[in-house]
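So the structure is just underneath, and the comments pick up after that.
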Ligand SMILES: [Ca+2]
Ligand SMILES: [Ca+2]
């Protein structure tokens, strides 16, 4: 066998071994060395926002970000577990909310638990409530008490609030990105492009990210191989070598949310859908983003999130 053929065979075997095989547990897409790696991003001016999609991404502003260093991947369950074991930290979803601090929240929503996506039954005519508060859901049990993260060590940690993310970042001497840093990194050097990879729509050609294919919230035809979240790094990296900057799980930023880029809305942010609630900006979309419902699988996309609420499709990555 010629050395070229042997080399080609080794490459093919390696690709099949590293690829996300559904037959082997635990599911891993990247070696640990890449999951724990970070990347220096040279700052610069860029077009922040997009005027072709949702109103909250307008107007486009030319802004500048300084150099920063960002995680290659979303923070994984294994990484969060190391933090919890070292510090004894207990997340908000595990603690529940105190009546003293949150007198207006009904008692049933103050018990330990968090929000879980449940695909509604399309055969029923009732209005679909696809987000449910599930007592006992937390980062160790992302879909409720009977679920677990066993075998999912390289999946992104979810069911963490803004403060839970900050606590981890502080522990490793890093911080959460600003929205502008996150968007700059997500663009991967492609100025003004619709997507992290350019202009080809996400569901044309090969799968580019873990999103939702089919009619949300009823039918997920699962072309990308993952109904829920996926191990970090299963899809191609962007131009800066960063994984899952599109989809998989939404990511917390340190920026207060406002309904547009026109002006600041104060340190607590403002979301017209939930006035009075402190909201931060999430970026990147998740495995629930679809063509028909939430085209938020783009660098400019953004969403408000109540800082006290953890959810099954929200995680984070850190910067320095
Ligand atoms: Ca998917
Ligand atoms: Ca992501």
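Given the condition in a loop (DSSP other than H, G, I, E, B) and over 19 Å from the mean Cα position of the chain (by Cα), answer yes or no: does some residue in the stretch 154-173 qualify? Yes, the stretch 154-173 contains at least one residue that is in a loop (DSSP other than H, G, I, E, B) and over 19 Å from the mean Cα position of the chain (by Cα). Say whether the condition of being touching a residue at least 24 places away in the same chain (Cβ under 8 Å), closer than 20 Å to residue 29 by Cβ, within 11 Å of ligand 1 (Cβ to nearest atom) and touching a strand residue (DSSP E or B) at 6+ places or on another chain (Cβ under 6 Å) is met by at least one residue in the stretch 188-209. Scanning the stretch 188-209 turns up at least one residue that is touching a residue at least 24 places away in the same chain (Cβ under 8 Å), closer than 20 Å to residue 29 by Cβ, within 11 Å of ligand 1 (Cβ to nearest atom) and touching a strand residue (DSSP E or B) at 6+ places or on another chain (Cβ under 6 Å).
Looking across the stretch 153-182 at every residue that is out of contact with any strand residue (DSSP E or B) (no Cβ under 6 Å at 6 or more places or on another chain) and within 15 Å of ligand 2 (Cβ to nearest atom), the one that is farthest from residue 61 (Cα to Cα) is identified as 155.
When 225, 233 are checked against the criterion of being in a loop (DSSP other than H, G, I, E, B) and away from ligand 1 (no atom under 13 Å from the Cβ), 233 stands alone in meeting it.
In this entry, residue 290 passes the filter for residues that are at pLDDT below 95, surrounded by 22 or more Cβ atoms within 10 Å (Cβ to Cβ) and assigned to a loop (DSSP other than H, G, I, E, B).
Taking the conditions exactly as written (surrounded by fewer than 20 Cβ atoms within 10 Å (Cβ to Cβ), in a loop (DSSP other than H, G, I, E, B) and away from ligand 2 (no atom under 12 Å from the Cβ)), does residue 269 satisfy them or not? No; evaluated as a whole, the condition is false for this residue. Here is the figure for the stretch 207-232: residues that are more than 23 Å from residue 34 (Cα to Cα) and surrounded by fewer than 16 Cβ atoms within 10 Å (Cβ to Cβ) total 8.
The values are calculated or read from the model by the stated rules, or taken from the named source; none is laboratory data. Being a predicted model, the structure only gives us computed values, none of them experimental. Positions of Cβ are backbone-derived with ideal geometry, glycine not excepted, and every protein chain shown enters the neighbour counts.
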